[in-house]
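Undergrad: Below is the structure I would like to discuss, written out as structure tokens.
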Amino acid sequence: MRKFKVVINPYDALPCACAVFTINGIDADSDDFGNSQDTNPAIAEPYGCGNSQFMPKLPTDKVLKKYKINLAQYAEICDKLQTALNVGACGWCV
């Protein structure tokens with residue numbers, strides 16, 4: 001398997017989004033891998049999240065080709081995004 005490098009740095013004041021996200025030095029879009037969702041909006045403050053979590057989506061051939069990655073690498077990137085972007089309760093958007 002070909003080595004690859006992933007850099008994920010969330011924004012300080014918007015921890016559910018990437019200030020920097022690169023794959024092998026290529027600017028990447030986290031929306032290609034999933035999106036952040038509030039999984040518990042009932043307990044959220046107005047304009048905040050009760051439990052912000054990154055939710056991966058299924059890979060597409062287009063995304064795999066775009067970043068020159070395989071399925072195992074796609075899954076590893078999704079795991080890294082979940083770790084970096086799972087915020088929990090957050091009021092930064094308030």
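What follows is calculated from the coordinates using simple rules that are stated; it is not laboratory data. As the structure is a prediction and not an experimental result, all values here were calculated from the model. For neighbour counting, all protein chains shown are included, and Cβ atoms are generated from backbone atoms with ideal geometry for every residue, glycine included.
Undergrad: Pairs of Cα atoms under 8 Å, at least six residues apart: use those to get the relative contact order of region 4-94, whole percent.
TA: Relative contact order of region 4-94: 32 percent.
Undergrad: Mind listing the long-range amide H neighbours of residue 55? Cut-off is under 5 Å, sequence gap 5 or more, other chains count too, H placed in the peptide plane at 1.01 Å from N.
TA: So residue 55 has HN proximity to 35, 36, 37.
Undergrad: Can you work out the Karplus-derived ³J(HN,Hα) for every residue in region 79-90? Use 6.51 cos²θ - 1.76 cosθ + 1.60 with θ = phi - 60°, whole Hz, and x for glycine or proline.
TA: Calculated HN-Hα couplings, in order: 4, 5, 5, 4, 5, 6, 10, 6, 9, x, 5, 8 Hz.
Undergrad: So which chymotrypsin sites (Phe, Trp or Tyr not before Pro) in the chain are both in a DSSP loop and have at most 11 other Cβ atoms within 10 Å of their Cβ?
TA: Hits after loop and neighbour filter: 47.
Undergrad: Continuing with this model, one more query. Are there trypsin sites (Lys or Arg not before Pro) in region 45-76 that DSSP puts in a loop and that have at most 16 other Cβ atoms within 10 Å, and which ones?
TA: 57, 68
Undergrad: With a sphere of radius 12 Å drawn around the Cβ of residue 19, what net charge do the other residues whose Cβ falls strictly inside it have (Lys, Arg +1; Asp, Glu -1)?
TA: Within the 12 Å Cβ shell, the charges total -2.
Undergrad: For a label point 7 angstrom out from the Cα of residue 60 toward its Cβ, which stretches of region 23-43 have the backbone nitrogen within less than 15 Å?
TA: Counting only backbone N, you get 29-35.
Undergrad: Can you tell me the relative contact order of region 1-40? Whole percent, Cα pairs under 8 Å, sequence separation 6 or more.
TA: Dividing the mean separation by the residue count of region 1-40 yields 31 percent.
Undergrad: Using the charge dipole of the chain (Lys, Arg: +1 at Cβ; Asp, Glu: -1 at Cβ; taken about the Cα centre), state which of 48, 20, 60 has its Cα farthest towards the positive end.
TA: The Cα lying farthest towards the positive end belongs to 60.
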